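The values are calculated or read from the model by the stated rules, or taken from the named source; none is laboratory data. These numbers were taken from a predicted model, which means no experiment stands behind them. When we count neighbours, we look across all protein chains shown, and the Cβ atoms used for this are built from the backbone with ideal geometry, even at glycine. The area values use the complete protein model at the heavy-atom level, side chains included, leaving out ligands, DNA and RNA. Shrake-Rupley method; radii C 1.70, N 1.55, O 1.52, S 1.80 Å.
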Amino acid sequence: MKPFLTLGIETSCDETAAAVYHSTQGLLSSTLYSQIELHKKFGGVVPELASRSQLEKINPIVAAALEQAQLTLDDIDVVAVTNKPGLPGSLLVGICFAKALAYGSTLPRSPLILSLSKDEGRAKKLVGINHLEGHAFSSFIEHNVPFPHVCLTASGGHTSLYLIKDFGDYEVLGETQDDAAGEAFDKIAKLMNLPYPGGPVIEKLAREVNFQDFFHYPRSKQKTLDFSFSGLKTAVLYDLVKQNAYDLSTKTFLRPHDEQFQKEVASSLLVCMADIFEQKLVLALEKHPGVKAITFVGGVACNAYIVERLKTFALAHNIPFFHPSRKYCTDNAAMIAFVGNYKAQQGLFNDFTLDIGD
Ligand code: KG4
Ligand code: ZN
């Protein structure tokens, strides 16, 4: 197969991102615009604002990815775009943009244009990518991870355990039955009037009290690979009420100036989360003792404390551990371009009817 170039586009939530991946040289560029500041004052993502911002940023972000890779649109062979899951309005922006790029490249050029530009351009193939498959393979952008391996994906929208057997060949071992891990951080931070997103703030506060477990929030004893974080959120809420820190009737946090208390809650929550992840990995390894690695991906994998805990766990079990750099843990288009690259090698393309959720 001749080397080829994939342009990845990611607009599933509140980031507009683009990347170029070369089939033999790897990642050539990755650009991103984050809407965090736009949504901060609302304490979470506002879908209508998110899609409008996507519309505004998609052109410059794609142009910047091509420029960073020192390429033009004509050089691109495959357009890979996230088409599920995510906010419909945001997803549509990326899908329509990708379709237009690919479709436009198949149209005949007028003789006038051809005489002006030496290159006729290449007809581009289109491929829709599952955002979660992007996260699940995000470790490969920087590492050669052996198969089969167990992947723990923890983000703001999803928490899942996968058994990954090959490129594009994976099995869901367990997933959250309600809230995602990142969502639990975000919601508990909100209870204490801490800014969105909650994960980084919780980590910062917890570090200041050396990641001690002050309140010992409940860990599920269930021997299943599924997760449930809404129970943890409720447990923290009722513990706050019990400690006279939260008024349920007015939904008010009563100890906004008690920094020590906030640190203790944040730290106890973080330790609890790491314990839950570890328990699930124990079960996953019992079920699949032959796995050759553990990967930890998604926005929550930015958390240095949890990464350290899982690294130590993997070491104790004599299993290599991989996790992406922070920029590839949170939403990005490099992971979408990477998956697009192997799907193209497998000949798995979509036609121009590509829709959300296909
Ligand atoms: O993967 P991501 O960027 O978006 C989704 O696909 O959801 O993940 C965002 C989530 C947020 O819930 C955020 O609180 C969490 O990742 N997060 C963290 C940290 N940084 C981001 N959680 C814990 N510790 C962090 N340092
Ligand atoms: Zn994500």
- Which number in (1) within 16 Å of ligand 2 (Cβ to nearest atom); (2) open to solvent by 50 Å² or more (accessible area, probe 1.4 Å) marks the one condition that residue 49 misses? (1)
- Going by the conditions given, is residue 252 free of Cβ contacts under 8 Å to residues at least 12 places away in the same chain and closer than 17 Å to residue 198 by Cα? no
- Cβ-Cβ below 8 Å, separation at least six or inter-chain, first residue in the range 161-187 and more than 18 Å from residue 134 (Cα to Cα), second surrounded by 20 or more Cβ atoms within 10 Å (Cβ to Cβ) and of a type in the set (Asp, Glu): which pairs? 187/179
- Task: Within the range 322-340, count every residue that is more than 16 Å from ligand 1 (Cβ to nearest atom) and either open to solvent by 10 Å² or more (accessible area, probe 1.4 Å) or at pLDDT below 95 (or both).
- Result: 1
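Of the residues 225, 191, 205, only one is touching a helix residue (DSSP H, G or I) at 6+ places or on another chain (Cβ under 7 Å), within 30 Å of residue 340 (Cα to Cα) and either away from ligand 2 (no atom under 16 Å from the Cβ) or charged (D, E, K, R) (or both); which? Show your work before the answer.
On the way: 191 fails: within 30 Å of residue 340 (Cα to Cα); 205 fails: within 30 Å of residue 340 (Cα to Cα).
Matching residue, one of 225, 191, 205: 225.
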- Say we look at the range 157-188 and pick out the residues that are crowded, with 16+ Cβ neighbours inside 10 Å and of a type in the set (Val, Ile, Thr); which of these is farthest from ligand 2 (Cβ to nearest atom)? 188
- What single numbered condition from (1) surrounded by fewer than 24 Cβ atoms within 10 Å (Cβ to Cβ); (2) over 26 Å from residue 44 (Cα atoms); (3) within 16 Å of ligand 2 (Cβ to nearest atom) fails to hold for residue 151? (1)
- Quick one: in the range 237-279, which of the residues that are under 20 Å from residue 218 (Cα atoms) and of a type in the set (S, T, N, Q) is most open to solvent (accessible area, probe 1.4 Å)? 244
- Item | Hey, residue 225 open to solvent by 10 Å² or more (accessible area, probe 1.4 Å) and under 21 Å from the mean Cα position of the chain (by Cα) or not | yes
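Can you find a residue that is among the basic types (Lys, Arg), within 18 Å of residue 185 (Cα to Cα) and under 30 Å from the mean Cα position of the chain (by Cα) anywhere in the range 258-270? Walk me through how you get there before you give the answer.
Just the residues of the range 258-270 that are among the basic types (Lys, Arg), to begin with: 263.
Those left that are additionally within 18 Å of residue 185 (Cα to Cα): 263.
Pick out the ones that are also under 30 Å from the mean Cα position of the chain (by Cα) and you get 263.
Yes; the residues of the range 258-270 include at least one that is among the basic types (Lys, Arg), within 18 Å of residue 185 (Cα to Cα) and under 30 Å from the mean Cα position of the chain (by Cα).
How about the range 261-358: which helices (runs of 4 or more DSSP H) wholly inside it have at least 1 residues that are touching a helix residue (DSSP H, G or I) at 6+ places or on another chain (Cβ under 7 Å) and of a type in the set (Lys, Arg)? So that I can check it myself, show each step before the final result.
Details: elements: 304-316, 326-329, 334-345.
Result: 304-316, 326-329.
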- Residues in the range 300-316: is at least one surrounded by 15 or more Cβ atoms within 10 Å (Cβ to Cβ), under 23 Å from the mean Cα position of the chain (by Cα), touching a residue at least 60 places away in the same chain (Cβ under 8 Å) and more than 25 Å from residue 221 (Cβ to Cβ)? yes
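Which of the residues that make up the range 1-32 are out of contact with any strand residue (DSSP E or B) (no Cβ under 9 Å at 6 or more places or on another chain) and within 22 Å of residue 91 (Cα to Cα)?
Quick first cut of the range 1-32, residues out of contact with any strand residue (DSSP E or B) (no Cβ under 9 Å at 6 or more places or on another chain) only: 1-2, 13, 24-26.
If the condition is that a residue be out of contact with any strand residue (DSSP E or B) (no Cβ under 9 Å at 6 or more places or on another chain) and within 22 Å of residue 91 (Cα to Cα), then 13 is the only one that fits.
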- Item | Residues (open to solvent by 10 Å² or more (accessible area, probe 1.4 Å) and touching a Ser or Thr at 6+ places or on another chain (Cβ under 9 Å)) located in the range 15-30 | 15, 21, 22, 23
- Item | Every residue from the range 197-215 that is more than 8 Å from ligand 1 (Cβ to nearest atom), open to solvent by less than 90 Å² (accessible area, probe 1.4 Å) and part of a helix (DSSP H, G or I) | 201, 205, 206
